[in-house]
Structures are given as structure tokens and as C-alpha cells.
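Heads up: the structure comes next, in C-alpha cells.
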Amino acid sequence: MFKYLEEGEFYLPDDSVKLIPAESGHLRAYWHFSQRKWQDMLKEVGKSREKQLVLRLHQGEDSYQEVSVKRPAGSYDWEVPGESPCYVSLGIKNKDNYTPVLISSKLKQP
């Protein structure tokens, strides 16, 4: 069986991240890990206090905002000033190092 999507809904495949404009004027990031990939990510982070999973909004060349990720699927709204193109990535942060695992396509703001 399959489900018809309601207006405004979209399909997000396993192991992907997507950035779209929200009705509120914010940008909304959605992510979805398969159970297998999520378990792999948790093993990579382990019990280290220095490593964490983060969702990062990239704006312009060197500007970004980030939040911790605790679930294999979800969404987060960003209030974004300016009009430069943005994209999101989801990855592993270890002190000053960041390794993206999933990257969205760029979104040009209106």
C-alpha cells in the first residue's frame, strides 16, 4: 500500500536532507536517516563528549548556524537574515572539525 501526499507534503527518501522555505518566512530543514545509517552514525559519535551530530545551515561563504541532532528524522526552522544562497548539511562535529554526511541542494532566498 502507499499513501497519497497531501498538498504541501513531500517525500523525503532515506539518508537525505532537504531545505525549503516555510510559510512563516523561515527556512525549514528536514532530515531522514535510515535505521542502519542512524546506527552507524551513533557508533561513529560513540560516547565521546567531544563528538556530536549537528545540523548546519550554511549561508554565504563562511557563515553558518548549527544545532544538535538527537533523532533519525525531524525538521528545524531557521530564521535567516539576508538573501545569499543557503544549504544545510548534517554531519559529525569533533571540536573544531566538521565532517558532513548529508548535504542538501542550495536554495536561493526570494
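Taking segment 64-90 as the range and being without any contact (Cβ under 8 Å) to a residue 24 or more places away in the chain and either touching a strand residue (DSSP E or B) at 6+ places or on another chain (Cβ under 7 Å) or not in a loop (DSSP other than H, G, I, E, B) (or both) as the test, the residues that pass are Y64, Q65, V67, S68. For segment 39-64, residues that are within 14 Å of K93 (Cβ to Cβ) and of a type in the set (K, R) total 3. Condition check for D14 on (1) charged (D, E, K, R); (2) in a loop (DSSP other than H, G, I, E, B); (3) out of contact with any strand residue (DSSP E or B) (no Cβ under 9 Å at 6 or more places or on another chain): one failure, at (3). May I ask you to verify whether E61 is free of Cβ contacts under 8 Å to residues at least 40 places away in the same chain and more than 15 Å from the chain's Cα centre (by Cα)? Yes; evaluated as a whole, the condition is true for this residue. Each residue in segment 77-93 was checked for being at pLDDT 90 or above and surrounded by fewer than 16 Cβ atoms within 10 Å (Cβ to Cβ), and 1 pass.
Evaluated against (1) closer than 20 Å to K93 by Cα; (2) loosely packed, with under 15 Cβ neighbours inside 10 Å; (3) at pLDDT below 90, E23 falls short on exactly one condition, (1).
The values are calculated or read from the model by the stated rules, or taken from the named source; none is laboratory data. Here the structure is a predicted model, which is why all the values come from computation and not from measurement. Neighbour counts run over all protein chains shown; Cβ positions are idealised from the backbone, glycine included.
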